[in-house]
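Colleague: Following this message is one structure expressed as structure tokens.
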Amino acid sequence: MTFSKRTSPTLRQRRERPAGWRAAHPVALARAGRFLRHGTLALAFATAGCAGPDVMPTNRRLELTTGAVPLAQSTFDVSDTGIILAFSGGGARSAAFGYGVLSALAKAPSPGGRGRRLADDVAVVAGVSGGAVLASYFALNGRAGLEDFRKRFLGRDVEASLRTSFSPPNILRGYRGGVNDLSGFPAWLDANLFNGATLGNISRSGHPRLVIHATDLYNRAPFIFDRASFTAICSSYDDYPLAYAVAASAAVPVVFAPLTLQNFRSGCEALPEAKTQKTGVRAPGSLVAREYAGSLRRYETARDLNYLKLYDGGLVDGVGTQSLLHVMGRGAPEPIPAERAFRLRHLVVIVVDASTRIGGDISKTVDGPKAPDAIVAAIDAMINIPNLQSFDALRDHLPAWRESFVTWRCGSSGAKRGCGDLDVDIIRLALSDVSDPVLARRILGLHNRLSLNEKDVDFLADLGQRLLRDHAGYRRFLDRVNHGGPNLARAG
């Protein structure tokens, strides 16, 4: 619109108008204000209309090969001690807490000798959301990469790379699928932490087995980023970017757009081995196991499942223990690589749970809570009991898993004398179990963010180290490793 000098008053003329002019034109002013507000919003939304989130598929079809798709994942250094780690969700809070636990293991001598530390005995590392960042970096770089993880992730302002403002364009992006997409967190992870690494790099010799997952929104079930799951959708595994898998595990709905995988199952031309691999579970007994097995079958049978939309793994499994159970359900020696399984005599599962916090000020007075406090407490409440139940399920399953593991090992052609010798422990380290009121209050103030200040990183890392060293179950494990012990599964 163009105004002539005759119809458009000058700035000086507007200033010189009498004070009563505004009072005389309240309706006109109100209409003008609404017009400007609505016009500004319309312009912002129109400008953002062409900037929808990038949700294009991030995977490739599994190509026809001349041999079976390999199932074996790693070859480990000689050791009869094994550790399975599971890191919960919780953003940088979980990563810092888990970093402390790994730091304690990196300082503890391994019975394997030759300068080994217990961190070198980690056979399997699982994680979800923030815990998946730590799990994946450790699986890729091992003990040698711990100090770099602190500098490259915990010491960085990750959120500076994200869209975080409450603005009309971001509101529209959130409505259309997610405020942040492939150009945000996945790109940051790839450039600053994983340097182009792929899932295939993790599966090479010398790396711990990695078990991370996201939530498949169609199935309302976990999608585990391993070779078997990619085979289920006839998709290439080895060249899939590790950064994308981690970002999918941490993709909180609306804040992040989903990571998309294309389902190539229809017309899959890969060898029959790709279609017959053991991607499901053996005789699933629980409803959870049956539902997971059903989700894998639907990748082939559901006609409308063309694309997998993957969100935060914490929606279905906040500590990674349920995903471990799913992998165990595929049969022994899962999740321990076969090459490592023949040497294993001592095993401990350490579940590191930074996902929930207990307490707060919401019950001090009759008023409140206000919306932010209510939302945080409600989310913690929704995930707390399922997380505890999945830990209980893993603990209760370990004796049966040990029996099937020993049966498999003793029945294998490579079985040796003492193949039945295996002791198994499981322990849980949780921020929600911290009873000191001062520490508990500080923990409550550490929300699910991707960035922490240095003092909070130090606090959580020190707490992780101390809780592990002081845990009775961990001390029992160390005593058993050094002096031998009974062949049974115990929890501490």
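Colleague: Scan segment 293-346 for residues that are assigned to a loop (DSSP other than H, G, I, E, B) and in contact with a helix residue (DSSP H, G or I) (Cβ under 8 Å, 6 or more places away or on another chain) and report the count. Full working, then the answer.
Modeller: In the first step, residues of segment 293-346 are kept if they are assigned to a loop (DSSP other than H, G, I, E, B); the result is 302-306, 312, 316-320, 329-337, 342-345.
Keeping just the survivors that are in contact with a helix residue (DSSP H, G or I) (Cβ under 8 Å, 6 or more places away or on another chain) gives 305, 312, 316-320, 329-336, 342.
Number of matching residues: 16.
Colleague: Can you tell me which condition residue 268 does not meet? The list is (1) at pLDDT below 90; (2) within 15 Å of the chain's Cα centre (by Cα), and all the others hold.
Modeller: Of the numbered conditions (1) at pLDDT below 90; (2) within 15 Å of the chain's Cα centre (by Cα), the odd one out for residue 268 is (2).
Colleague: Scan segment 292-313 residue by residue and report those that are surrounded by fewer than 20 Cβ atoms within 10 Å (Cβ to Cβ), modelled with pLDDT of 95 or more and either over 25 Å from residue 267 (Cβ atoms) or among the polar types (S, T, N, Q) (or both).
Modeller: Within segment 292-313, 306 is the sole residue that qualifies.
Colleague: Further question on the same structure: Quick one: which residue in 341, 354, 371, 289 is among the small types (Gly, Ala, Ser), more than 23 Å from residue 208 (Cβ to Cβ) and crowded, with 18+ Cβ neighbours inside 10 Å?
Modeller: On the way: 341 fails: more than 23 Å from residue 208 (Cβ to Cβ); 354 fails: more than 23 Å from residue 208 (Cβ to Cβ); 371 fails: crowded, with 18+ Cβ neighbours inside 10 Å.
After ruling out the rest, the residue left standing is 289.
Colleague: A further question on this structure: Any idea which of 439, 460 is within 22 Å of the chain's Cα centre (by Cα) and over 23 Å from residue 323 (Cα atoms)? Don't jump to the end; show me each part of the working.
Modeller: Working: 439 fails: within 22 Å of the chain's Cα centre (by Cα).
Only one candidate passes the filter, namely 460.
Colleague: Which of the residues that make up segment 357-368 are within 26 Å of the chain's Cα centre (by Cα) and either assigned to a strand (DSSP E or B) or surrounded by fewer than 16 Cβ atoms within 10 Å (Cβ to Cβ) (or both)?
Modeller: 359
Colleague: Now for a separate question. Within segment 347-356, can you find the residues that are part of a strand (DSSP E or B), β-branched (Val, Ile, Thr) and either within 30 Å of residue 414 (Cα to Cα) or at pLDDT below 90 (or both)? Let's see the steps before the verdict.
Modeller: Start the filter on segment 347-356 by keeping residues that are part of a strand (DSSP E or B), which leaves 347-353.
Going one step further and asking which of them are β-branched (Val, Ile, Thr), we end up with 348-352.
Result: 348, 349, 350.
Colleague: For residue 101, all conditions in the list (1) in contact with a Phe, Trp or Tyr (Cβ under 6 Å, 6 or more places away or on another chain); (2) touching a residue at least 60 places away in the same chain (Cβ under 8 Å) hold save one; what is the number of the exception?
Modeller: Evaluating residue 101 over (1) in contact with a Phe, Trp or Tyr (Cβ under 6 Å, 6 or more places away or on another chain); (2) touching a residue at least 60 places away in the same chain (Cβ under 8 Å) leaves (1) as the failure.
Colleague: So, in segment 82-141, of the ones that are closer than 14 Å to residue 212 by Cα and among the hydroxyl-bearing types (Ser, Thr, Tyr), which residue ends up farthest from the chain's Cα centre (by Cα)?
Modeller: So, considering only residues that are closer than 14 Å to residue 212 by Cα and among the hydroxyl-bearing types (Ser, Thr, Tyr), the one farthest from the chain's Cα centre (by Cα) is 137.
Colleague: Taking the criterion of being part of a loop (DSSP other than H, G, I, E, B), more than 18 Å from residue 137 (Cβ to Cβ) and more than 18 Å from the chain's Cα centre (by Cα), would at least one residue in segment 177-193 satisfy it? Quick ask: steps written out before the conclusion?
Modeller: Here is the first cut: in segment 177-193, the ones part of a loop (DSSP other than H, G, I, E, B) are 177, 181-184.
Of the ones still in play, those that are also more than 18 Å from residue 137 (Cβ to Cβ) are 177, 181-184.
Keeping just the survivors that are more than 18 Å from the chain's Cα centre (by Cα) gives 177, 183.
For segment 177-193, residues part of a loop (DSSP other than H, G, I, E, B), more than 18 Å from residue 137 (Cβ to Cβ) and more than 18 Å from the chain's Cα centre (by Cα): present.
Colleague: If you check every pair at least six apart or on different chains, which have Cβ atoms under 7 Å apart with a residue in segment 416-433 that is over 14 Å from residue 319 (Cα atoms) first and a residue that is charged (D, E, K, R) and in a loop (DSSP other than H, G, I, E, B) second?
Modeller: Cβ pairs passing all conditions: 421/345; 422/345.
Colleague: While we're on this one: Please find, within segment 444-457, the residue that is modelled with the highest pLDDT out of those that are closer than 16 Å to residue 361 by Cα and under 20 Å from the mean Cα position of the chain (by Cα). Even if it seems obvious, please write down each step before you answer.
Modeller: Going residue by residue through segment 444-457, those that are closer than 16 Å to residue 361 by Cα are 444-447.
Filter again for under 20 Å from the mean Cα position of the chain (by Cα), leaving 446-447.
Values: 446: 92, 447: 87.
If we take residues in segment 444-457 being closer than 16 Å to residue 361 by Cα and under 20 Å from the mean Cα position of the chain (by Cα), then 446 is modelled with the highest pLDDT.
Colleague: Does segment 194-219 hold any residues that are touching a Leu at 6+ places or on another chain (Cβ under 6 Å) and part of a loop (DSSP other than H, G, I, E, B), and which are they?
Modeller: 197, 218
Colleague: If you don't mind, another one. Return a yes/no flag: does segment 57-80 have any residue that is at pLDDT 95 or above, surrounded by 15 or more Cβ atoms within 10 Å (Cβ to Cβ) and among the aliphatic types (A, V, I, L, M).
Modeller: No, segment 57-80 contains no residue that is at pLDDT 95 or above, surrounded by 15 or more Cβ atoms within 10 Å (Cβ to Cβ) and among the aliphatic types (A, V, I, L, M).
Colleague: Moving on to the next point. Suppose the filter is out of contact with any Cys (no Cβ under 7 Å at 6 or more places or on another chain) and assigned to a loop (DSSP other than H, G, I, E, B); does residue 164 pass it? So that I can check it myself, show each step before the final result.
Modeller: Details: out of contact with any Cys (no Cβ under 7 Å at 6 or more places or on another chain): yes; assigned to a loop (DSSP other than H, G, I, E, B): yes.
Considered against the rule, which asks whether it is out of contact with any Cys (no Cβ under 7 Å at 6 or more places or on another chain) and assigned to a loop (DSSP other than H, G, I, E, B), residue 164 comes out as yes.
Colleague: Test residue 121 against the criterion of being buried (at least 22 other Cβ atoms within 10 Å of the Cβ) and over 30 Å from residue 255 (Cβ atoms), and give yes or no.
Modeller: Details: buried (at least 22 other Cβ atoms within 10 Å of the Cβ): yes; over 30 Å from residue 255 (Cβ atoms): yes.
Criteria met by residue 121.
Colleague: Considering every residue within segment 383-399, establish whether at least one is more than 21 Å from residue 327 (Cα to Cα) and touching a Leu at 6+ places or on another chain (Cβ under 6 Å).
Modeller: Taking segment 383-399 first, the residues more than 21 Å from residue 327 (Cα to Cα) are 383-385.
Remaining after also requiring touching a Leu at 6+ places or on another chain (Cβ under 6 Å): none.
The answer is no, given that none of the residues of segment 383-399 is more than 21 Å from residue 327 (Cα to Cα) and touching a Leu at 6+ places or on another chain (Cβ under 6 Å).
Colleague: Taking residue 432, is it at pLDDT below 95, out of contact with any Pro (no Cβ under 9 Å at 6 or more places or on another chain) and exposed (fewer than 14 other Cβ atoms within 10 Å of the Cβ)?
Modeller: Values: at pLDDT below 95: yes; out of contact with any Pro (no Cβ under 9 Å at 6 or more places or on another chain): yes; exposed (fewer than 14 other Cβ atoms within 10 Å of the Cβ): no.
For residue 432, the condition - at pLDDT below 95, out of contact with any Pro (no Cβ under 9 Å at 6 or more places or on another chain) and exposed (fewer than 14 other Cβ atoms within 10 Å of the Cβ) - is not met.
Colleague: Take segment 190-200 and flag every residue that is surrounded by fewer than 21 Cβ atoms within 10 Å (Cβ to Cβ) and in contact with a strand residue (DSSP E or B) (Cβ under 9 Å, 6 or more places away or on another chain).
Modeller: The first filter runs over segment 190-200 and keeps only residues surrounded by fewer than 21 Cβ atoms within 10 Å (Cβ to Cβ), leaving 190-192, 195-198, 200.
Residues satisfying the conditions are 190, 196, 197, 198.
Colleague: Ok, one more. Do we have any residue at all in segment 179-189 that's crowded, with 21+ Cβ neighbours inside 10 Å, aliphatic (A, V, I, L, M), modelled with pLDDT of 95 or more and under 27 Å from residue 295 (Cα atoms)?
Modeller: no
The values are calculated or read from the model by the stated rules, or taken from the named source; none is laboratory data. For clarity, every value in this text was computed on a predicted model and none was experimentally measured. As a convention, Cβ positions derive from the backbone with ideal geometry for all residues, glycine included, and neighbour counts pool all protein chains shown.
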